[in-house]
Amino acid sequence: MNALNSPAFAKDQKDLSGDRRGLMRAPGEGGVGFGPSGFRLPHRAIVDISPPDIADRRLANWGAIQADTVKVTRRDAVEYGFRAERHLLIAHERAERHKGETLIEGLPKSTQREFNCKLSFVPAGHRFYGWETPRVLTRVTYFYIDFRNRLFEPGSGIACPTFSPRLFFFDQALWDTALKLKAEVGNSDPSSQIYVEALSIVLMHELARLERTAHAAIRPVRGGLPVRQQKRVAEFIEEHLAEEIALNTLAKLVDLSLYHFARAFRQSFGVPPHRYHMTRRMDRARSLLQRSALSVTQIGIQIGFRETSSFTRAYRKFAGVTPSAFRRSRED
């Protein structure tokens with residue numbers, strides 16, 4: 001049973017919410033940690049949200065990975081906290097606040113106000129805490145991941161790295177897999193379990209890949225673009241987002257051959273030039289969808305798409321939803 005009213009989920013919620021006097025104890029009265037306001041952060045099964053009735057939640061337990069979809073139902077102040085012996089991946093699908101802060105142990109706290117279509121990662125044993133006054137009705141999915149599950153035993157081919165905390169980042173492959181897993185919450189088809197197990201392994205491979213890439217980036221990069229050239233290329237792309245930019249044009253900016261430029265760009269930015277260009281286009285589109293009165297067609301034209309259908313396909317691939325659906329979600 002995957003729905004909110006399942007007995008297991010009800011037990012988790014009872015354990016998590018408990019007596020409000022217990023949640024708001026003063027520091028030193030027990031528990032393993034506290035948020036800035038005294039909000040207790042015990043080792044619990046799922047993210048504790050307070051007040052508990054501010055959100056609709058659905059839980060799916062697939063063994064290696066547990067998914068917890070959350071839809072906030074009113075724009076009241078909310079607190080949340082988590083610390084457990086399993087990893088937490090957060091997919092912030094819709095997240096804007098008037099004020100608030102988010103903290104993952106090991107990172108500086110953030111007061112960022114908009115983090116739609118962003119990911120965060122809390123390694124096992126790390127503290128996660130936040131509070132906010134929502135500007136929109138938040139939609140977020142928590143994925144609780146246990147590397148000790150049989151899916152991730154040595155024979156699975158997944159080496160378990162030491163993960164680092166991450167706050168408000170984006171990775172397309174990881175985002176796509178997370179949305180696919182979320183779509184399976186509530187699916188009672190027997191074949192769904194096989195699909196979910198496959199997606200779970202993919203998700204863990206993506207997380208491991210991300211960690212390896214991050215460690216590689218820390219090492220001195222030989223052959224990458226110097227900082228001044230990185231800035232020049234990035235600024236040129238920003239100024240010509242709506243245009244098709246030839247690789248040769250970018251290479252000439254820094255006086256490199258096509259081959260050496262492509263390799264140096266990827267070493268410096270982590271992705272090929274065309275993917276970086278497309279990501280910046282989609283970031284601009286998301287900003288316009290949130291804040292402008294332009295139609296979807298007009299926004300597509302502004303960032304270089306002549307056909308609305310082409311823009312829609314590109315945006316769906318980037319964000320997991322169509323431009324119109326993303327705009328409607330902000331108006332709910």
(message) Looking only at the stretch 101-139, count every residue that is among the small types (G, A, S) and either touching a Ser or Thr at 6+ places or on another chain (Cβ under 6 Å) or modelled with pLDDT of 95 or more (or both) and tell me the total.
(response) 3
(message) Is it the case, given these coordinates, that R166 is in the same structural domain as I49 (by TED's automatic domain parsing) and at pLDDT 90 or above?
(response) yes
(message) Looking only at residues that are farther than 18 Å from S164 by Cβ, surrounded by fewer than 20 Cβ atoms within 10 Å (Cβ to Cβ) and charged (D, E, K, R) in the stretch 58-108, which one is nearest to the chain's Cα centre (by Cα)?
(response) E96
(message) Suppose we filter the stretch 214-231 for residues that are at pLDDT below 70 and exposed (fewer than 14 other Cβ atoms within 10 Å of the Cβ); how many remain?
(response) 9
(request) Any chance you could count how many residues in the stretch 165-190 are touching a Cys at 6+ places or on another chain (Cβ under 9 Å) and free of Cβ contacts under 8 Å to residues at least 12 places away in the same chain? (result) 0
(request) Kindly provide the set of residues from the stretch 74-92 that are touching a residue at least 60 places away in the same chain (Cβ under 8 Å) and within 22 Å of G320 (Cβ to Cβ), ordered by number. (result) H87, L89, A91, H92
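The values are calculated or read from the model by the stated rules, or taken from the named source; none is laboratory data. Only a predicted model underlies this, so the values are computations on that prediction, with no experimental measurement involved. Positions of Cβ are generated from backbone atoms using ideal geometry, with glycine treated the same way; all protein chains shown enter the neighbour counts.
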